[in-house]
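Engineer: Below is a structure I'd like to ask you about.
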Amino acid sequence: MIEIPESFKKLLTQVKHSAIIIHRNPDGDALGAGLALKQYLQKQNIDIDLISPNEIPNYLKWLPGINDVLIFEQQTQKIQEILKKSQAIFTLDFNDLSRVGKDFEKFLKTLNNHTFVMIDHHLEPANYAEFKFSDPSKSSTSEMIFDFISGLNGQNLIDKDIATCLYTGIMTDTGSFKFPNTTPHTMCIAADLMKKGINHNEIQIKIYDSFSLDKLHLLGEALNKLIFLPQYKTAYIALSQSDLKKHHYQKGDTEGFVNYGLSLKDADFAVMFLENENENEGVRISFRSKGNFPANEFAKRYFNGGGHKNAAGGRTQTSLDETVKLFLEKLPEFITELQVKND
Ligand SMILES: [Mn+2]
């Protein structure tokens, strides 16, 4: 449960129009949390829209309510009008306005007299929100939305659709309940959600067993390119635009690829480099680690990124080759952390 301040409860009774914003390149947690909160607040007679900065990946297009999500890149004007009249603006699964993209961030910063509400589980939250529910010990924002609804005594309003969205968010952010962020509390929530009549097996199949042949071929390509550096317990994959084009890359196709590096015996750190469509836009990087290795610190120090200890992201503005070169140069600085035995 999340302790909800009285001032916030009061705000909810006054709000007529509201909006929820999730981060750019939304994942299962961002969309699961956003859709669940939207459906819950609608039951409180709040007029509310869910806004994603850019398009939704195909593997999530079945989520209950997904067809009503507004896309800032496609409906900029309409969304700006909606946000102007929204008294409360929820930001979910991110804690820094830069995570919505440049143009959207710029617009959000022009909004005065709007109450921002942050619900998020990443480290180092920025200071834009009047109400800040930030807890990095939580597995996912979806777990926090469950606790948030519980804090408002609203558990009885969680129906099968809301439960399906929350379960999807928790399942994807915990790698099906196997990452270290999974706690007894996470499991209790999963059980409560199952009691709401969700089909957990169907959710698993929709997310993980619904790949296209192109995606599997791209995975084959990625695994063939996997490089292991035993002295650093590090595995990495670099995918270029031509690799992606060869397999008709669709948004979301490389989701989860980085984790294969960690499945290697003796790998404690796995990295995936993804060249951006526009070559001079640089490279997107995903970092994953086992045990105590701080993937987020590595991402933050050299790759303009951050995140959680075991899962982080970053980017560069240089070419794929230069990015990998920088990575190989900086890796030795973390040799002590990488050589410590993770038990
Ligand atoms: Mn999340």
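The values are calculated or read from the model by the stated rules, or taken from the named source; none is laboratory data. Quick caveat, the model's predicted, so the values are computed rather than measured. Cβ: placed from backbone, ideal geometry, glycine included. Neighbour counts: every protein chain shown. Just so you know, the surface numbers come from the protein's heavy atoms only, side chains and all, with ligands and any DNA or RNA stripped out. Shrake-Rupley method; radii C 1.70, N 1.55, O 1.52, S 1.80 Å.
Engineer: Of GLY261, PRO294, LEU37, which is farthest along the charge dipole of the chain in the positive direction, counting Lys and Arg as +1 and Asp and Glu as -1 at C-beta?
Structural biologist: LEU37
Engineer: State the answer as a single residue: which of GLY175, LEU60, ASN199 lies farthest towards the positive end of the charge dipole of the chain, with beta carbon charges of +1 for Lys and Arg and -1 for Asp and Glu, about the Cα centre.
Structural biologist: With unit charges placed on the Cβ atoms, the residue in question is ASN199.
Engineer: Let me ask another. Have a look at ASN224, HIS185, GLY282 and report the one farthest towards the positive end of the charge dipole of the chain, computed about the Cα centre with Cβ charges (Lys/Arg +1, Asp/Glu -1).
Structural biologist: It is HIS185, whose Cα lies furthest towards the positive end.
Engineer: OK, next. Can you send over the solvent-accessible area of ASP96, 1.4 Å probe, protein chains only, in Å² to the nearest 10?
Structural biologist: That residue has around 60 Å² of solvent-accessible surface.
Engineer: Could you please state how large a percent of the accessible area of the chain is carbon and sulfur, counting protein chains only and using a 1.4 Å probe?
Structural biologist: 48
Engineer: Net charge near GLU333: determine it from the other residues with C-beta under 11 Å of the C-beta of GLU333, scoring Lys and Arg +1 and Asp and Glu -1.
Structural biologist: Taking every Cβ under 11 Å from that of GLU333, the sum is -1.
Engineer: Pairs LYS9/LYS38; LYS160/LYS215; LYS16/LYS160; LYS16/LYS38; LYS38/LYS206: which exceed 20 Å Cα-Cα?
Structural biologist: LYS160/LYS215; LYS16/LYS160; LYS38/LYS206
Engineer: Okay, next question. Select from the range 132-208 those trypsin sites (Lys or Arg not before Pro) which occupy a DSSP coil region and have at most 12 other Cβ atoms within 10 Å, ordered by residue number.
Structural biologist: LYS178
Engineer: Relative to the Cα centre, what is the charge dipole magnitude of the range 6-208, using +1 at the beta carbon of each Lys and Arg, -1 at the beta carbon of each Asp and Glu, and rounding to the nearest 20 debye?
Structural biologist: The dipole of the range 6-208 has a size of about 320 debye.
Engineer: What ³J(HN,Hα) values, in whole Hz, does the Karplus curve 6.51 cos²θ - 1.76 cosθ + 1.60 give for the range 309-319 when θ = phi - 60°, with x put for Gly and Pro?
Structural biologist: For the range 309-319, the Karplus curve yields 4, 9, 8, 9, x, x, 7, 10, 10, 10, 6 Hz.
Engineer: Here is a further query. Note down the magnitude of the dipole of the chain about its Cα centre, charges +1 on Lys and Arg C-beta and -1 on Asp and Glu C-beta and zero elsewhere, to the nearest 20 debye.
Structural biologist: 300
Engineer: Let me ask another. Loop-only trypsin sites (Lys or Arg not before Pro) in the range 12-42, please: DSSP not H, G, I, E or B, and at most 14 other Cβ atoms within 10 Å.
Structural biologist: When the trypsin sites (Lys or Arg not before Pro) of the range 12-42 are filtered for loop state and at most 14 Cβ neighbours within 10 Å, LYS16 remain.
Engineer: At 1.4 Å probe size, with no ligands or nucleic acids counted, give the accessible surface of THR183 in Å², nearest ten.
Structural biologist: Rounded to the nearest 10, the figure is 40 Å².
Engineer: How big is the charge dipole of the range 221-343 about its Cα centre, in debye rounded to the nearest 20, if each Lys and Arg gets +1 on its Cβ and each Asp and Glu gets -1 on its Cβ?
Structural biologist: Roughly 280 debye for the range 221-343.
Engineer: Counting only heavy atoms of the protein chains, get the accessible area per residue of the range 192-343 (1.4 Å probe) and round it to a whole Å² value.
Structural biologist: 53
Engineer: So, one more: So if I take the centroid of the Cα atoms in the range 32-95 and the same for the range 121-138, what is the distance between those two points in Å?
Structural biologist: Here the answer is 19 Å between Cα centres.
Engineer: Moving on. Determine how large the accessible area of MET187 is when every protein chain is in place; take a 1.4 Å probe and give Å² rounded to the nearest 10.
Structural biologist: Answer for MET187: close to 100 Å² accessible.
Engineer: Taking amide H positions as placed in the peptide plane 1.01 Å from N, state which residues far from THR91 in sequence (5 or more) or on other chains have amide H under 5 Å from it.
Structural biologist: Result for THR91 returns ILE21, VAL117, MET118, ILE119.
Engineer: Below 30 Å Cα-Cα, how many Lys pairs turn up in the range 246-343? Only count pairs eight or more apart in sequence, or on different chains, if you could.
Structural biologist: Counting lysine pairs in the range 246-343 gives 28.
Engineer: How long are the semi-axes of the ellipsoid equivalent to the range 130-268, from square roots of 5 times the Cα gyration tensor eigenvalues, in whole Å, largest first?
Structural biologist: Taking √(5λ) for each Cα gyration eigenvalue gives 34, 19, 14 Å.
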